[in-house]
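Remarks on the structure that follows.
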Amino acid sequence: MTIGFQAGLFSDVAVEVPPLVGRVERVSLSRGAWVDLVPGWVAGADEVFPRLVEGIPWRAERREMYDRTVDVPRLLCMYAEGEQLPDPVLTQARAELNRHYADELGEEFVTAGCCYYRDGRDSVAWHGDRVGRSRREDTMVAIVSFGAPRHLSLRPAGGRLHGSYPLGHGDLIVMGGSCQRTWEHAILKTAKPVGPRISVQFRPRNVF
């Protein structure tokens, strides 16, 4: 698979998943929603990116939308609870997330959904992860990004754009509280030249 990714300035940094304590910046939104941000959390993430490109069994999907079947504009792979993750750094990242958020979340992140955005034409539309318990309960979704940054946009459900965060090169964002029910997020298409990005979303049981 062609990668087409240009590593960042610090691509020769050793791969490491440091403790989250003291690194997390929490941003309050509204209606009980918040996001936690840790830029560059996974050190040496650019070394991991090509491993994920080659090591994950990516698949293209088609879905019903507006009375027709369309291509999903990104490649996907899902690791269910109990399945081995494709790279040790993802196992380490999930373990640290579980340590850091154990008391607040009250359970563990157990699944990992992977998305491969190959260029600016790949995207995900406005949505909240509202399938399962997240439709009625507060929860958390933690996203670690590898590769070139893409903007994750946020808005109140059905409202106007609130802002966006460029996520790549090992950045972490955790959406918590009521965020999945009362806010929406998206990776919007762009005509600007952008490199490829992989997003790994860690979720608790029965949150989609």
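Tabulated data
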{"quantity": "Lone qualifier among P57, P19 - being at pLDDT 95 or above, over 17 Å from I198 (Cβ atoms), out of contact with any Leu (no Cβ under 8 Å at 6 or more places or on another chain) and not in a helix (DSSP H, G or I)", "calculated": "P19"}
{"quantity": "Residue within the stretch 155-171 that is of a type in the set (A, V, I, L, M, F, W, C), in contact (Cβ under 8 Å) with a residue 40 or more places away in the chain and touching a strand residue (DSSP E or B) at 6+ places or on another chain (Cβ under 8 Å) present", "calculated": "no"}
{"quantity": "Residues satisfying the stated conditions in the stretch 1-16, i.e. among the aliphatic types (A, V, I, L, M) and at pLDDT 95 or above", "calculated": "V15"}
{"quantity": "Answer residue from the stretch 80-94, given it is in contact (Cβ under 8 Å) with a residue 60 or more places away in the chain and part of a helix (DSSP H, G or I) and is surrounded by the most Cβ atoms within 10 Å (Cβ to Cβ) among those", "calculated": "A93"}
{"quantity": "Qualifying residue in the stretch 195-202 (condition: buried (at least 16 other Cβ atoms within 10 Å of the Cβ) and not in a strand (DSSP E or B))", "calculated": "yes"}
{"quantity": "Some residue of the stretch 62-80 being of a type in the set (A, V, I, L, M, F, W, C), in contact with a helix residue (DSSP H, G or I) (Cβ under 7 Å, 6 or more places away or on another chain) and modelled with pLDDT of 95 or more", "calculated": "no"}
{"quantity": "Residue selected from the stretch 150-176 under the condition small (G, A, S) and more than 15 Å from E25 (Cα to Cα), by the criterion surrounded by the most Cβ atoms within 10 Å (Cβ to Cβ)", "calculated": "G170"}
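The values are calculated or read from the model by the stated rules, or taken from the named source; none is laboratory data. Values in this document were obtained by computation on a predicted structure and should not be read as measured data. Please note: Cβ atoms are built from the backbone with ideal geometry, for glycine as well, and neighbour counts cover all protein chains shown.
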